[in-house]
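The values are calculated or read from the model by the stated rules, or taken from the named source; none is laboratory data. As the structure is a computational prediction, the values presented were derived from the model and not from experiment. Note: ideal-geometry Cβ built from the backbone for every residue, glycine included; neighbour counts use all protein chains shown.
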Amino acid sequence: GEHRLSDFEKIKILGRGNGGTVYQVRHRRTGSIYALKTLAAEDSLQRRQVLREVEILRSTDSSTVVRCHGVIPTPSGDTSLLLEYMDAGSLESLLAARGKSPFPEAALAGIARQVLLGLSYLHTNKIVHRDIKPANLLVNITGDVKIADFGVSKIMRRSLDPCVSYVGTCAYMSPERFDPDSYGGNYDAYAADVWSLGLTVLELHLGHFPLLPPGQRPDWATLMCAICFGEPPQLPETASADFRDFIARCLQKESSKRWSVAQLLAHPFIACQDKLELDRALQDIISPVPAPTPSES
Ligand code: ATP
Ligand code: MG
């Protein structure tokens, strides 16, 4: 049915980004909880982006992608998306909650597997996400990891659509998106999502953004140099051989050498592990840290 903004009560702010504010809301009549993301469109470029995000969310139907339950126009001309509420937050907030201590390998294999299934779904449906990073991968307490935030995504209408760069977060952008001629970017736009996934999984293991020393604030020029002219970051020797190889296959600078989503799903790091074991490892990450027991007095 159609929703109105007045049907919902704001509970708290879940996040803030370029697009706007995301609130946790309660449907007054049913009590159901959702996330409400409001997209402001002040110029025609932003309006196009909003339309694209709405079109993609409306066309996706997969347990690997955050569901959209409605699109609500606001009186001021903004658009509000009623989204499935992901009650364990984003991988960025889960990492921060661990005090930057790395995620164990089994949990990361579970996360990588689920994100690869999501990318497989999107790529099959000709959608390139283009903004895969810890803040855009959301988790619920069931242990589902889902892809969110299609604010800069693209539907590939022609097979050789060039990768058009955009202004925004560029930290997770692949080399070919900066420099298509050197790194083969015009031939496989989907490979850009694999680069970002590799960087994301590596960050969750290292506890800091892999292309910069811990604590350094990213600026565009430093990042661009690190991505295009530096060697791709690697896992330390302490990581397992399968994990190191998996990351190396994702972080090939030349996009044609990078493994595809289908190849990565069959990689030993993902395929040779007991699925139940991966789920359990992921569950350990999600479970809230038990509150300190109040001292008796
Ligand atoms: P853009 O990158 O287009 O500017 P954005 O970053 O503002 O978009 P999102 O990434 O969709 O918007 O949401 C921002 C943050 O809000 C997320 O990182 C997450 O912490 C929180 N959030 C978004 N959607 C949900 C949801 N469905 N459930 C729980 N939390 C959410
Ligand atoms: Mg985001």
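Quick one: count up the residues across the stretch 130-161 that are within 16 Å of ligand 2 (Cβ to nearest atom), out of contact with any Phe, Trp or Tyr (no Cβ under 7 Å at 6 or more places or on another chain) and in a loop (DSSP other than H, G, I, E, B).
Number of matching residues: 7.
Among the residues that make up the stretch 21-28, is at least one of them over 17 Å from P75 (Cα atoms), of a type in the set (F, W, Y), at pLDDT 95 or above and not in a loop (DSSP other than H, G, I, E, B)?
Going residue by residue through the stretch 21-28, those that are over 17 Å from P75 (Cα atoms) are 22-28.
Right, trim to of a type in the set (F, W, Y) and you get 23.
Filter once more, so that each one left must be at pLDDT 95 or above: 23.
Imposing the further condition that a residue be not in a loop (DSSP other than H, G, I, E, B) reduces the set to 23.
Yes, the stretch 21-28 contains at least one residue that is over 17 Å from P75 (Cα atoms), of a type in the set (F, W, Y), at pLDDT 95 or above and not in a loop (DSSP other than H, G, I, E, B).
If a residue must be touching a strand residue (DSSP E or B) at 6+ places or on another chain (Cβ under 7 Å), away from ligand 1 (no atom under 16 Å from the Cβ) and either at negative phi or not charged (D, E, K, R) (or both), how many such residues does the stretch 122-143 contain?
Result for the stretch 122-143: 0.
Need the failing condition index for E92 against (1) farther than 20 Å from L204 by Cβ; (2) within 16 Å of ligand 2 (Cβ to nearest atom); (3) of a type outside the set (G, A, S), just the number.
If we test E92 against (1) farther than 20 Å from L204 by Cβ; (2) within 16 Å of ligand 2 (Cβ to nearest atom); (3) of a type outside the set (G, A, S), just (1) comes out false.
Spot the failing condition for A88; the list is (1) surrounded by fewer than 18 Cβ atoms within 10 Å (Cβ to Cβ); (2) outside any helix (DSSP H, G or I), and only one is missed.
All conditions are met except number (1).
Are there any helices (runs of 4 or more DSSP H) wholly within the stretch 173-235 with 2 or more residues that are farther than 23 Å from L122 by Cβ, and if so which?
Details: elements: 175-178, 180-183, 191-206, 220-229.
Answer list for the stretch 173-235: 180-183, 191-206, 220-229.
Counting only residues that are of a type in the set (G, A, S) and away from ligand 2 (no atom under 14 Å from the Cβ), how many does the stretch 4-27 have?
Adding up the residues that qualify gives 1.
What are the residues in the stretch 186-232 that are among the β-branched types (V, I, T) and surrounded by 20 or more Cβ atoms within 10 Å (Cβ to Cβ), if any?
Result: V194, T200, V201, I227.
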